[in-house]
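In what follows, a single structure is set out as structure tokens and then discussed.
Laboratory data are not the source of any read-out in this text; all were calculated from the coordinates shown. Because the structure is a prediction, the values reported are computed rather than measured. As a convention, Cβ positions derive from the backbone with ideal geometry for all residues, glycine included, and neighbour counts pool all protein chains shown.
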Amino acid sequence: MSDSPNPPQKLSPLLGLPVDDTAATPASIATGPEPTLQLSVIIPARNEEHNLPACLASLLAQSDTHFELGRDWEILVIDDASTDRTRALALDLAATHPGLKVLDAPALELNDRQRAFTGKTQACWLGAQQSQGRWLLFTDADTIHEPGDLTRALHEAERHNVALLSYSPRQVLTGIVQQALMPVIYSELATAYPPSQVNDPARRTAAANGQFILVDRAIYFSVGGHRAVGRSVLEDVDLAFNIKRAAPRNNGRGIRLRYAPDALSARMYTGVSDMLEGWTKNLALLFPNALTLAATRLLDFVLLFLPLLLWLMPNLVLWQRAAILLLWVRVLVRVFQRVARSHFGIAAYILSIFGLPLFIVLLLRSWMNHKLFHHVTWKGREYRTGR
């Protein structure tokens, strides 16, 4: 049976997430070999020579007599047409570590009428089909895993009886711009996708962090896996939505998302340019009411400068000065309370004041790219978007 995906999906009015008229069934999906291992770790990698060695080292260190690589679990690195030493570095490690395999993703079709995948979804789908684990862990090459996090994650997923477990890593920030912007974005994410709602089977809210997604193999394939969300540039959230929607027919096994600094860390972006490109790709999809959110945050930013009125209007009476200061304090407290949800340090919280205008600009830029120009770029590729 061909592995080409179904025709482009309909989108729901909520979050622009995919909606199928008929759900994918195991019989209609190529599920790969029967699972013989406990876990398959799948790493899609494109031009990750600076990140991949540390990621693999942290994963290889998880192997011990009770959880042995090659016997109980495996690592699959899917090279997505890298032009640097990503593939060579992975092959060098695979030569000395049984259980670590390197696969080459097929050439990516970028013609929008024929495009079935993004680079990442195609690499993840290939890895899933070639995997042998009962659980599949999709993790990014820019992650560093803490000792024992794989077995603890497996136990956590089983303890909570979920089909998908996703961790939000501790984010490693470098440079003033990242320290100013990232807390703002992560605080907004925590507000839009509170884990209490994501983890509640009765709520429609769904989310996952693509840096760490552990999913039950059978349920993953039953909803179509990454093939069903192949064209999405927000595949992690879309996959979580599909799995949560399918929970009633999978004995109520839904999704679980949490902040997990105890499990892994990640350095999402090495520089300012790729950070701006990455968030331009995602922000308008993560926050569907982008224009309203931008206007609200612009108002917050303007109100932070209320004390200037005391200098510009020296004739104000005492009660007017007091009212301005009280309003300013209230705005300041609200801004810092919101940013505190991002789990960054106090220095980043202070710098986040200066990250607000950059967030607003990126949010508007993302909205324009998706809604007006209908294209985004990522890692040297341009994708047409229909949302």
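Which of Lys120/Lys281; Lys101/Lys281; Lys244/Lys379 have a Cα-Cα distance over 24 Å? Intermediate values should be presented prior to the final figure.
Working: Lys120/Lys281 14 Å; Lys101/Lys281 30 Å; Lys244/Lys379 30 Å.
Beyond 24 Å between Cα atoms: Lys101/Lys281; Lys244/Lys379.
Using the alpha-carbon centroid of each, what span in Å lies between the range 131-209 and the range 287-363?
Each part reduced to its Cα centre gives a spacing of 29 Å.
What order, most packed first, do the peptides 280-288, 79-87, 226-234, 302-310 have when packing is the mean number of other Cβ atoms within 10 Å of each residue? Kindly include the intermediate steps, with their values, before the conclusion.
Numbers: 280-288: 21.4, 79-87: 18.8, 226-234: 23.8, 302-310: 13.6.
Highest-to-lowest ranking by the protection proxy: 226-234, 280-288, 79-87, 302-310.
Dividing the Cα radius of gyration by the Kirkwood radius, what Rg/Rh value follows for the range 278-322? Provide the component values of the computation, followed by the final result.
Details: Rg = 17.0 Å, Rh = 13.1 Å.
Taking Rg over the Kirkwood Rh, I get 1.30.
Run through the DSSP bridge list for the chain and note the antiparallel percent, rounded to the nearest 5. Let's see the in-between values first.
Numbers: 18 of 43 bridges.
Within the chain, antiparallel bridges account for around 40 percent of the total.
Given charges of +1 on the Cβ of Lys and Arg and -1 on the Cβ of Asp and Glu, with all other atoms neutral, how large is the dipole of the chain about its Cα centre, in debye to the nearest 20? Working shown, then result.
Values: 38 positive and 34 negative charges, 308 e Å.
Around 1480 debye, computed over the chain.
The range 312-387: D in µm²/s via Stokes-Einstein (Kirkwood Rh, Cα pairs, 20 °C, 1.002 mPa s)?
Values: Rh = 16.0 Å.
Translational diffusion coefficient: 134 µm²/s.
So what is the 222 nm mean residue ellipticity for the chain from helices alone, if each DSSP H run of at least 4 adds -39500 (n - 2.57) and you divide by all residues, rounding to the nearest 500 deg cm²/dmol?
Working: 14 runs with 162 residues, N = 387.
Result for the chain, helices only: -13000 deg cm²/dmol.
Give me the angle, in degrees from 0 to 90, between the Cα long axis of helix 149-159 and the longest principal axis of the Cα atoms of the chain, rounded to the nearest 10.
90
Spelling out what I want: for every residue of the range 204-212, take phi, set θ = phi - 60°, compute 6.51 cos²θ - 1.76 cosθ + 1.60 (Karplus), and round to whole Hz; glycine and proline get x.
After applying 6.51 cos²θ - 1.76 cosθ + 1.60, I find 6, 4, 9, 6, 7, 9, x, 6, 7 Hz.
Using only Cα atoms and rounding to the nearest 10 degrees, what angle (0 to 90) does helix 346-368 make with the longest principal axis of the chain?
With both axes taken from Cα atoms, the answer is about 70 degrees.
Could you give the C-alpha radius of gyration of the chain expressed as a fraction of 2.2 N^0.38 Å, taking N as the number of residues it contains?
Working: Rg = 22.2 Å, N = 387, 2.2 N^0.38 = 21.2 Å.
Normalised by 2.2 N^0.38 Å, the Cα Rg of the chain equals 1.05.
Ranked highest first by average number of other Cβ atoms within 10 Å, how do 373-384, 178-189 line up? Spell out each step's value before the answer.
Values: 373-384: 14.2, 178-189: 23.1.
The densest-packed peptide leads the list: 178-189, 373-384.
Rounded to the nearest 10 degrees, what's the angle between the helix 119-130 long axis and the longest principal axis of the chain, both from Cα atoms, 0 to 90?
Result, in degrees: 30.
Checking a compactness column here: for the range 37-165, what do you get for Rg(Cα) / (2.2 N^0.38 Å), N being the number of residues? Intermediate results must be reported in sequence, preceding the final value.
On the way: Rg = 14.8 Å, N = 129, 2.2 N^0.38 = 13.9 Å.
Against the empirical 2.2 N^0.38 Å value, I get 1.06 for the range 37-165.
Compute log10 of I(q)/I(0) for the range 159-295 with the Debye formula, placing one identical point scatterer on every Cα and leaving out solvent, at q = 0.09, 0.11, 0.22 Å⁻¹, to two decimals.
-0.28, -0.42, -1.46
Wrap a convex hull around the Cα atoms of the range 247-387, take a quarter of its surface area, and give that in square nanometres.
On the way: hull surface 54.4 nm².
Taking the Cα atoms of the range 247-387, their convex hull projects to 13.6 nm² on average.
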